[in-house]
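Working notes for the structure below.
The values are calculated or read from the model by the stated rules, or taken from the named source; none is laboratory data. Keep in mind the model is a prediction, meaning the values are calculated, not measured. Cβ sites come from the backbone with ideal geometry, for glycine too, and all protein chains shown count toward neighbours. Note: areas computed on protein heavy atoms with side chains; ligands, DNA, RNA excluded. Shrake-Rupley method; radii C 1.70, N 1.55, O 1.52, S 1.80 Å.
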Amino acid sequence: MGIVWLLAAQVAAVASSGPMPIVVGNAPICPQLAKQLPIEPPGKTQKAWRLDTRSGLKGWFSGSAITFGTQPADPNDVKSWQRANDMCVLSAKGGECRLEGPVQFIVRFDDKDLGWQFDKGARAVFRVQGTVLECEELEAVAGNGASVDVR
């Protein structure tokens, strides 16, 4: 049975019943996700943290769908909702979220709900294509507006 990936660009259901997010500040995003998801750090020739679900989910994931998406760190701000909704897009083979804090990132599968809250400066791309899940760090923006390479 193949795994069906669903992208929840607007996570209204998650927003109302989502998990209490783990607040991680502006730390690099991918290592924080790896504490809860079985993704592996990049190899010498790779930029992205990676998981091929054909081999990496035995005993961890038994269902056929994963939803993921964003919601604003401040749910009372309309502009924050729009910004969070614009971070995720669908493609023919999956989807991706270009995460940039402040934002909450939610992953839901089986009976598990995982959530993280990233502050301003944290940046990464979370993508799913076919059976491959990837997380790639982008340059973080320091509090003074300077870029910091986190790769």
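In contact with a Phe, Trp or Tyr (Cβ under 7 Å, 6 or more places away or on another chain), modelled with pLDDT of 90 or more and small (Gly, Ala, Ser), is that true of Gly63? Spell out how you get there, then give the answer.
Numbers: in contact with a Phe, Trp or Tyr (Cβ under 7 Å, 6 or more places away or on another chain): yes; modelled with pLDDT of 90 or more: no; small (Gly, Ala, Ser): yes.
No: the conditions fail for Gly63.
Going by what's in this entry, would Lys47 be described as modelled with pLDDT under 90 and either out of contact with any Gly (no Cβ under 7 Å at 6 or more places or on another chain) or open to solvent by 40 Å² or more (accessible area, probe 1.4 Å) (or both)? Yes.
Taken over the range 103-132, the criterion of being surrounded by fewer than 18 Cβ atoms within 10 Å (Cβ to Cβ) and touching a residue at least 12 places away in the same chain (Cβ under 8 Å) is satisfied by Asp110, Asp113, Asp119, Lys120, Gln129, Gly130, Thr131, Val132.
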